Amino acid sequence: MALTRTVIVAGAGIGGLTASLTLAAQGFRVVVLEKAERLEEAGAGIQLSPNASRILVELGLKEPLARRAVTPESVNILSARAGGEIARMPLGRAAEFRAGAPYWVIHRADLQAALQAAVNEHPDIDLRLGCQFEDVTKHAKGLTVVQRRGNSRQEELAVALVGADGIWSSVRRHLFPDVQPQFSGLIAWRGTLDATALPREYTAPRVQLWMGPDAHLVAYPISAGRQINVVAIVSGTWNRPGWSAPGDSNEIKGAFATARWPPTARMLIGAVDGWRKWALFTLPDIGRWSEGAVALIGDAAHAMLPFAAQGAGMAIEDAAVLAKALADCTGENTAGIPAALKRYARMRRGRVLKVQRMARQQGRIYHLSGPLAIARDLAIRAIGPERMLARQDWIYDWRA
């Protein structure tokens, strides 16, 4: 195959694998570099709203994902202060009818496995596990990308490099060395449990969102309903290397043990046997997501708080827009790639910044206490479920 068609993608997470499929669909040969020897679970559950699921369906992944995903009927918003449900935003058929694509909750490993299977079957995608991006240089023929496998180094010509290597991106560090992730002061505790461990009324296909003082709790079914994904967000400090570590169940039980949290919320926390905690880091707005023929997508460009359930969705959207921006640069017509990547960034930045602001704002709203929590609960009740769903249209109705 002609080297002038090669795009190298650093990172085989959700954004990187999706980008490899969207780029291959535009006629590029794609090489995906992933430093891990095998793709393994990072986190647990993930929400795919219609703006993201639409892209995956268009890539031919509807059948494998539908077998593993759950379509929640609603988001049930519950208040620790009020002791129970204050609103129920319809999803399921209502959300799919409005947006023309499904709302899914799925195990991250199941999504990654479906993407990897599609990548492995594509003749123009080369997924290289245990092989990491190391350096890139620009020259008259495009880029030379240096990759490392163990102690051996390899150079490869490419027309573009896509940094999809997450919040600690090596590609971003090469482009913008002064940009550093910032700890938000929040820690996400994540765990799963078998659905059979809970009473049946707590395993319905729905997303439960518990709001409480300085913390909140999210739970929903994954793995075709066989497991329940539980995420608890609390304030904390982080002074250890890396950004995740095993969590002591007594610590998180203690954070939810006060009388301010109803028995149902404490039951969900207590039912999880094994926890892992993740420090939530974000990136400042770096202004530019590309430099020449190198571009960033997903968390490498715009890591955000998870309180809009759009982190993966924004990475999937990035992949679709990036590929369309490069659609006219296949074959020998590669001179326009830097301009196309700048156009991709311009098309994406405003929307992503709006989602980031929404996520920060929702996190503050979830954690209110006292009179402000009372006002919040009254406001949510007054808005009503249909208007709440309509407020998501600007996210869910998006198309590449």
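None of the figures in this text is laboratory data; all of them are computed from the coordinates on show. Keep in mind it's a predicted model, so treat the numbers as computed, not measured. Here the Cβ is made from the backbone with ideal geometry for all residues, glycine too, and neighbour counts use every protein chain on show.
Once the C-beta distance of residue 327 and residue 182 is scaled by a Förster radius of 35 Å, the resulting FRET efficiency is 0.50 to the nearest 0.05. With the cut-off at 1.5 for a/c, could you classify region 9-63 from its C-alpha gyration tensor as rounded, prolate or oblate? In terms of gyration-tensor shape, oblate.
Modelled spin labels at residue 240 and residue 139, positioned 7 Å past Cα toward Cβ, are 4.5 nm from each other. Computed packing ranks the peptides 236-245, 266-275, 168-177 as 168-177, 266-275, 236-245, most packed first, by mean other Cβ atoms within 10 Å.
Find the relative contact order for the chain and round it to a whole percent, using C-alpha pairs within less than 8 Å whose residues are 6+ positions apart.
Values: 853 pairs, mean separation 90.8, N = 400.
The value is 23 percent.
In the chain, helical runs assigned H by DSSP with n ≥ 4 each contribute -39500 (n - 2.57); averaged across all residues and rounded to the nearest 500, the mean residue ellipticity at 222 nm is -11000 deg cm²/dmol.
Label reach from residue 214 (point 7 Å along Cα→C-beta): in region 171-188, amide nitrogens under 18 Å belong to 184-188.
Below 22 Å, Cα to Cα, which lysines can residue 138 reach? Residues fewer than 8 away in the same chain don't count. Cross-link targets: 342. At 7 Å along Cα-to-Cβ for each site, give me the label-to-label distance between residue 399 and residue 97 in nm. Result for the modelled spin labels: 2.0 nm. Within the same chain, aspartates and glutamates fewer than 8 places from residue 253 are excluded, and of the rest, those with a Cα less than 14 Å from its Cα are 273.
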